[in-house]
1. Just one of Ser102, Ser80, Ser63 is touching a strand residue (DSSP E or B) at 6+ places or on another chain (Cβ under 9 Å), surrounded by fewer than 21 Cβ atoms within 10 Å (Cβ to Cβ) and modelled with pLDDT of 95 or more; which is it?
2. Taking the residues in segment 220-239 that are outside any helix (DSSP H, G or I) and of a type in the set (Val, Ile, Thr) as candidates, determine which candidate is surrounded by the fewest Cβ atoms within 10 Å (Cβ to Cβ).
3. So which of Glu50, Glu28, Glu15 is touching a helix residue (DSSP H, G or I) at 6+ places or on another chain (Cβ under 8 Å), among the acidic types (Asp, Glu) and over 17 Å from Leu234 (Cα atoms)?
4. Say we look at segment 69-92 and pick out the residues that are assigned to a loop (DSSP other than H, G, I, E, B) and of a type in the set (Gly, Ala, Ser); which of these is farthest from the chain's Cα centre (by Cα)?
5. Return the total of residues in segment 188-219 being under 17 Å from Asn272 (Cβ atoms) and not in a loop (DSSP other than H, G, I, E, B).
6. Of the residues Ala12, Ala52, which single one is under 30 Å from Tyr110 (Cβ atoms) and touching a strand residue (DSSP E or B) at 6+ places or on another chain (Cβ under 6 Å)?
7. Please go through segment 267-276 and give me each residue that is surrounded by 23 or more Cβ atoms within 10 Å (Cβ to Cβ) and in contact with a helix residue (DSSP H, G or I) (Cβ under 6 Å, 6 or more places away or on another chain), ordered by number.
8. Quick check on segment 38-47. Is at least one of its residues over 17 Å from the mean Cα position of the chain (by Cα), hydroxyl-bearing (Ser, Thr, Tyr) and either more than 28 Å from Asn164 (Cα to Cα) or surrounded by fewer than 17 Cβ atoms within 10 Å (Cβ to Cβ) (or both)?
Amino acid sequence: MLCNTKEMLQKALNEKYAVAQFNINNLEWSKYILEECQKNLSPVILGVSENAIKYMGGYNTVSYMIKGLIKDLNITIPVSLHLDHGSSFESCKKAIDAGFTSVMIDASKYEIDKNIEIVKQVCEYAKTKDVSVEAEVGSIGGIEEDLKKEAHLAKVEDCIKLYNATKVDTIAPAIGSVHGLYKATLNLNYKRIKEIKDKLNIPLVLHGGTGIPKEDLKKTIECGIAKININTELQVVWSKDVREYLKNNKKIYDPRKIISSAQTNMKKIISNKLHIIDSCNRI
């Protein structure tokens, strides 16, 4: 059964660990993530971008697929289905109405007052459906789907203003991480994370978890991060293994064998991330 992220992330914040959000792109990825998280007894958030939802057929298709996998795979850990970087109230509403239990409304491209206005609208609707809401403050840089974003650090006063006006459940503050692969020196602003956490005491979210060393991830958790998003790292290992499989098995045409050829290494990445952020055995 799907749950929202409120209790899941508050527990993580209180006990100083983080819950992983792994983004999904198809049935196979969803299955691997659920199986590995169940094996590790780790709660998990399944993130789905708008492009991935479109690719898989729509909001209802994704929702029913995840609910079916949870039932058929006998998944007992807490699982949340989360719209990642929802671009509008309409997109968030579609996800909520389809059975998603958490949504992110990303209005960070607007000035803070407009950001607040949109977040508030989503929160008001989500709370009538017992759905948790995540907002972004500042701008998290890098490649988000096919859109390049410039980074702008979150201001503490903007986070406070947004939370007071909306009572949003979680905030993803821009603190120096980027979407995609890091091409420059990592420069996370731990002081900014702690300042925001100390002022609000709500779970904070780290986007761009790929490529951040273990000790840096641990430090972000100590400062107040309770949710860490991981996507690119899975994409990289999947594409590498599939290319290698096709190179060495030129007569294979069964799509199931091709798509699943990366299963072993994907599960290794998932398990490794779960142990790094210490969400194992926390349910």
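The values are calculated or read from the model by the stated rules, or taken from the named source; none is laboratory data. All values reported here derive from a predicted model rather than from experimental measurement. Quick reminder, even Gly has a Cβ in these numbers, built from the backbone with ideal geometry, and neighbours come from all protein chains shown.
1. Ser63
2. Going residue by residue through segment 220-239, those that are outside any helix (DSSP H, G or I) are 224-231.
After this cut, where a residue has to be of a type in the set (Val, Ile, Thr) as well, the list is 225, 228, 230.
Values: Ile225: 30, Ile228: 27, Ile230: 23.
Residue satisfying both the conditions and the ranking: Ile230.
3. Criteria check complete, one pass: Glu50.
4. That would be Ser88.
5. Qualifying residue count, segment 188-219: 6.
6. Ala12
7. Within segment 267-276, just Ile270 meets the criteria.
8. No.
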